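All remarks here apply to the structure that follows.
The values are calculated or read from the model by the stated rules, or taken from the named source; none is laboratory data. Please read these numbers as outputs of a predicted model, since none were measured by experiment. Because the Cβ atoms are built from the backbone with ideal geometry, glycine has one as well, and the counts that use them run over all protein chains shown.
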Protein chains: 2
Amino acid sequence: MVSVELITVGDELLIGQVVDTNSAWLGRELGHVGAQVDRIVSVHDAASDIREAVETALSRADAVIMTGGLGPTQDDITKKTLADLFSGGVMRRDQSVFEHVRRMTAERGLAFNDLNQAQALVPDGATVLPNRVGTAPGMMFVRPGSAPGREKLLFSLPGVPFEMKQLVTEQVIPLVKSHFALRSVVHRTMITFGLAESALALAIAPWEEALPEWLHLAYLPNARGIRLRLSAYDVEADSAAKEIESRFAGLREYIAPYMLGFEPASVEAAVASILLERGQTLAVAESCTGGSISARITAMAGASQYYLGGVTSYSNEAKAQVLGVSMPDIEQFGAVSEPVARQMAAGALTRFGADYAVSTTGVAGPGGGTPEKPVGTVWMAIAWRTSDNGTETFARQMRFSELREQNIERAATHALNMLRLHLLGLSDAFQQTGML
Amino acid sequence: MVSVELITVGDELLIGQVVDTNSAWLGRELGHVGAQVDRIVSVHDAASDIREAVETALSRADAVIMTGGLGPTQDDITKKTLADLFSGGVMRRDQSVFEHVRRMTAERGLAFNDLNQAQALVPDGATVLPNRVGTAPGMMFVRPGSAPGREKLLFSLPGVPFEMKQLVTEQVIPLVKSHFALRSVVHRTMITFGLAESALALAIAPWEEALPEWLHLAYLPNARGIRLRLSAYDVEADSAAKEIESRFAGLREYIAPYMLGFEPASVEAAVASILLERGQTLAVAESCTGGSISARITAMAGASQYYLGGVTSYSNEAKAQVLGVSMPDIEQFGAVSEPVARQMAAGALTRFGADYAVSTTGVAGPGGGTPEKPVGTVWMAIAWRTSDNGTETFARQMRFSELREQNIERAATHALNMLRLHLLGLSDAFQQTGML
């Protein structure tokens, strides 16, 4: 197995201002192509620390990936330190980076200043990995090996996650794959939603027990579902992939209504694909979720093909005026109530002329709770058109936690899942749905 | 300054299944008491890797804190490895741990099995740090030093975050403080938004150059701003804090319109505090940002005091029917255009009866771009009431990148910042505003 070490550079990591999420992402991505991360080291923006970490990592690993310390400002010294290590301190101006940075600054209406120009300087002998989405280029260095074909690779990448990810996906992984002979690791992950971890484990126990030795199952829970990952190491890729596929197909026997699909499946993507296939449209009406259902739908490319829009009716007046909810009902039952949830969904259906609408109204917290409606209480509804062009609605109440952020995320996910189950004709599954 | 190194143990960290949040927390907590984390190393659950990491760390640092690998199952080998290193492999049964684990398993209705009993075994000579909230005890090892009072400390703690935190707060920090003579570390971070990193660096160059030697400046960029952190090590805390405060006050001379406040400031929080103070209200009209402006506002507790709601008008019909945008204008100028942005903001202002409204309409990508309006083109507008109860609007166009997620986040942040600058009477700053 090809051994990779990661070096993350930045005082912000050591003083705890920033959590190092890059390393976990790199560990996953490299693992998917059969390279193994064997060590992660975080060091200060200090030349001696960087130098020592690079030399130690290169002495052990086949490849080293560094992130951070490539910005244009004085505190960033990774590039200079690598020039000292690999090219006797000699830097050259890379014309393509120069033009790219000039173009980016021009497009943004900025002066092309000395600091930007310095971003085009790279250590002599380094291979430039163009950064399409930022100004600091990635770089690759080759350390001669004990024998031909045993060269070691060192990559230096910006620490900004989206720039780093783009460079890794488009350039680093292909380079690593072509340089090393990678053996296979097969991972496949099924996303489930609607069953709590322990209930899920009980439901699929017979399936889990029948798995062959060489298939490893992991449960990975978060607020948007529980992921079930099957992994096979050092195997013949095609047949392992087929076996995993067939095992997951067999899982339908146990938990079909809760299976959203393979990663990166999500409730919103499942809803989207059903609507797209049927040529139907969606609108939303949000109170406690505050726009986050809409934001999750529109985060997906192509949302305009089925998503017409939404209303965040945060005030009572907005519920009445923009969505047509009855003000007397709000006064009688409260904004967090079944009739308000139903009328919000119906209002969005009509206002946007959609085929389906989903709504939420709840107490996200930390304030606003009462003994009857404590923080975490959420009413959610869906509305749809009947064959005679009337409107029908379905509503349910759920109770989440005391944490605002969690409540918003869970309410949004459950509301979308309610619609998904309705679209699939599985509304009965509401009854068995456990809480995450 | 007391130098600390962290070693986090666990395959799950290296394959990227778990993000190491323990280290950032430890960095902050140790920094607060004047100990500095100088390196973080993550290694596999493998005896040789753990041994090598421990010896290397002890050769450099004054103290080492390890987390992870103390569970009862066979994959956890940290305790055994430390016994080999520090006590020739000899373990003893600690009676207080034995009683504690027996009590905890009984309370949970579990059998007190062999694996639990093994948790009471500790390396001979280790000091037990009782774990009130879990079954695996923390441990402290002392490595003799070059001179009396120069002993080095090694702590081994469970990796479960809440158990680790409890042990650090109640036991590790007091032990470190009493063993070493700690001096103070002071960090303070100012959030800026609206100037690109290089432009910011140029704008504040005179201020940066005038900083005293003992104050360290770091630039920390992300899509929601650039953070400027000033750090002082080994100082008298009160006077250092005062000096940092006054330096940041002096920064106003250079970049006042771009300063959002001290961490955890954000553009949305800055807008919120101005509106709250003035008793004014806000509505939004989103197209390309798809609800994310609304979601960011409502993620903050208490948003209902100034936020009335918003419309995500994703389709042209929704723009016309729900917000009152002129359909002939949409047809003539396109949905991504100045008149549509202005009418969306004005429509939201009227529909929700708000004092201010902000709107976005753009090409988030990856599809939908044209030569005149490529992916990343966004029009944004703000609307407000004039003294004679009319409506006035201001609009501007920006160009972002090819990445949908980034385009949404940047458009939302810039739109909110446009409103912030208007509220502060600083609209001129638009002219100089660079992109992030």
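The table for this structure:
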read-out: Filter result (more than 15 Å from residue A:22 (Cα to Cα), out of contact with any Phe, Trp or Tyr (no Cβ under 6 Å at 6 or more places or on another chain) and of a type outside the set (Gly, Ala, Ser)) within the range B:2-21; value: B:4, B:5, B:6, B:7, B:8, B:9, B:11
read-out: Test result for residue B:299, at the interface with chain A (Cβ under 9 Å from one of its Cβ atoms) and either buried (at least 22 other Cβ atoms within 10 Å of the Cβ) or over 30 Å from residue A:369 (Cβ atoms) (or both); value: no
read-out: Filter result for residue A:342 (under 30 Å from residue B:315 (Cα atoms), touching a helix residue (DSSP H, G or I) at 6+ places or on another chain (Cβ under 9 Å) and among the basic types (Lys, Arg)); value: no
read-out: Residue count, the range B:397-417 (criterion: touching a residue at least 40 places away in the same chain (Cβ under 8 Å) and over 24 Å from the mean Cα position of the chain (by Cα)); value: 1
read-out: Residue that is nearest to the other protein chains (Cβ to nearest Cβ) [pool: residues in the range A:115-129 that are in contact with a helix residue (DSSP H, G or I) (Cβ under 8 Å, 6 or more places away or on another chain) and free of Cβ contacts under 8 Å to residues at least 40 places away in the same chain]; value: A:117
read-out: Residue match in the range A:308-320 (condition: surrounded by fewer than 18 Cβ atoms within 10 Å (Cβ to Cβ) and either assigned by TED's automatic domain parsing to the domain that holds residue A:421 or under 32 Å from the mean Cα position of the chain (by Cα) (or both)); value: yes
read-out: Among (1) within 21 Å of residue A:316 (Cα to Cα); (2) in contact with a strand residue (DSSP E or B) (Cβ under 7 Å, 6 or more places away or on another chain); (3) assigned to a helix (DSSP H, G or I), the one test that residue B:272 misses; value: (2)
read-out: Extreme residue, surrounded by the most Cβ atoms within 10 Å (Cβ to Cβ), among residues of the range A:230-244 that are out of contact with any strand residue (DSSP E or B) (no Cβ under 7 Å at 6 or more places or on another chain) and of a type outside the set (Lys, Arg); value: A:243
read-out: Within the range B:6-43, considering residues that are acidic (Asp, Glu) and free of Cβ contacts under 8 Å to residues at least 60 places away in the same chain, the one farthest from residue B:155 (Cα to Cα); value: B:12
read-out: Filter result for residue A:294 (surrounded by fewer than 24 Cβ atoms within 10 Å (Cβ to Cβ), within 21 Å of the chain's Cα centre (by Cα) and not in a loop (DSSP other than H, G, I, E, B)); value: no
read-out: Pick from the range B:337-361, criterion assigned to a strand (DSSP E or B) and of a type in the set (Gly, Ala, Ser), ranking: surrounded by the fewest Cβ atoms within 10 Å (Cβ to Cβ); value: B:357
read-out: Candidates B:67, B:105 - the one that is surrounded by 11 or more Cβ atoms within 10 Å (Cβ to Cβ) and touching a residue at least 40 places away in the same chain (Cβ under 8 Å); value: B:67
read-out: Which listed residue is over 22 Å from the mean Cα position of the chain (by Cα) and touching a residue at least 60 places away in the same chain (Cβ under 8 Å), from A:243, A:263, A:268, A:286; value: A:286
read-out: Residue ID - farthest from residue A:308 (Cα to Cα), chosen from residues in the range A:362-380 that are among the aliphatic types (A, V, I, L, M) and not in a loop (DSSP other than H, G, I, E, B); value: A:378
read-out: Filtered residue count, the range B:14-48, keeping only those that are charged (D, E, K, R), buried (at least 20 other Cβ atoms within 10 Å of the Cβ) and over 14 Å from the mean Cα position of the chain (by Cα); value: 3
read-out: Leading residue by the ranking (nearest to residue A:89 (Cα to Cα)) among those in the range A:120-171 that are under 32 Å from the mean Cα position of the chain (by Cα) and among the charged types (D, E, K, R); value: A:152
read-out: Cβ-Cβ under 7 Å pairs, at least 6 apart or on other chains, the range B:71-83 side buried (at least 18 other Cβ atoms within 10 Å of the Cβ), far side β-branched (Val, Ile, Thr) and not in a helix (DSSP H, G or I); value: B:78/B:9; B:83/B:90
read-out: Test for residue A:163: is it under 30 Å from residue A:17 (Cβ atoms) and within 14 Å of another protein chain (Cβ to nearest Cβ); value: yes
read-out: Odd one out for residue A:133 among (1) exposed (fewer than 14 other Cβ atoms within 10 Å of the Cβ); (2) assigned to a loop (DSSP other than H, G, I, E, B); value: (1)
read-out: Matching residues, the range A:342-354, being more than 12 Å from chain B (Cβ to nearest Cβ) and touching a Gly at 6+ places or on another chain (Cβ under 9 Å); value: A:343, A:346
read-out: The range A:96-124 - residue that is among the charged types (D, E, K, R) and touching a Lys or Arg at 6+ places or on another chain (Cβ under 9 Å) and, of those, nearest to residue A:157 (Cα to Cα); value: A:124
read-out: Number of positions in the range A:300-333 that are closer than 17 Å to residue A:420 by Cβ and in a loop (DSSP other than H, G, I, E, B); value: 2
read-out: Selection from the range B:310-330 of residues that are closer than 22 Å to residue B:375 by Cβ and more than 7 Å from every other protein chain (Cβ to nearest Cβ); value: B:316, B:319, B:330
read-out: Residue match in the range B:38-45 (condition: more than 24 Å from residue A:28 (Cβ to Cβ) and either assigned by TED's automatic domain parsing to the domain that holds residue B:114 or at pLDDT 95 or above (or both)); value: yes
read-out: Pair list, Cβ < 6 Å and 6+ apart or interchain, from the range B:369-396 residues that are closer than 12 Å to residue B:288 by Cβ and in contact (Cβ under 8 Å) with a residue 40 or more places away in the chain to residues that are hydrophobic (A, V, I, L, M, F, W, C) and assigned to a strand (DSSP E or B); value: B:378/B:398
read-out: Filter result for the condition that a residue is surrounded by 15 or more Cβ atoms within 10 Å (Cβ to Cβ), within 14 Å of chain B (Cβ to nearest Cβ) and at pLDDT 95 or above, over A:267, A:271, A:284; value: A:284
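Condition check ((1) in the same structural domain as residue A:305 (by TED's automatic domain parsing); (2) of a type in the set (Val, Ile, Thr)) across all residues:
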position: A:251; (1), (2): no, no
position: A:254; (1), (2): no, no
position: A:271; (1), (2): yes, yes
position: A:275; (1), (2): yes, no
position: A:278; (1), (2): yes, no
position: A:281; (1), (2): yes, yes
position: A:288; (1), (2): yes, no
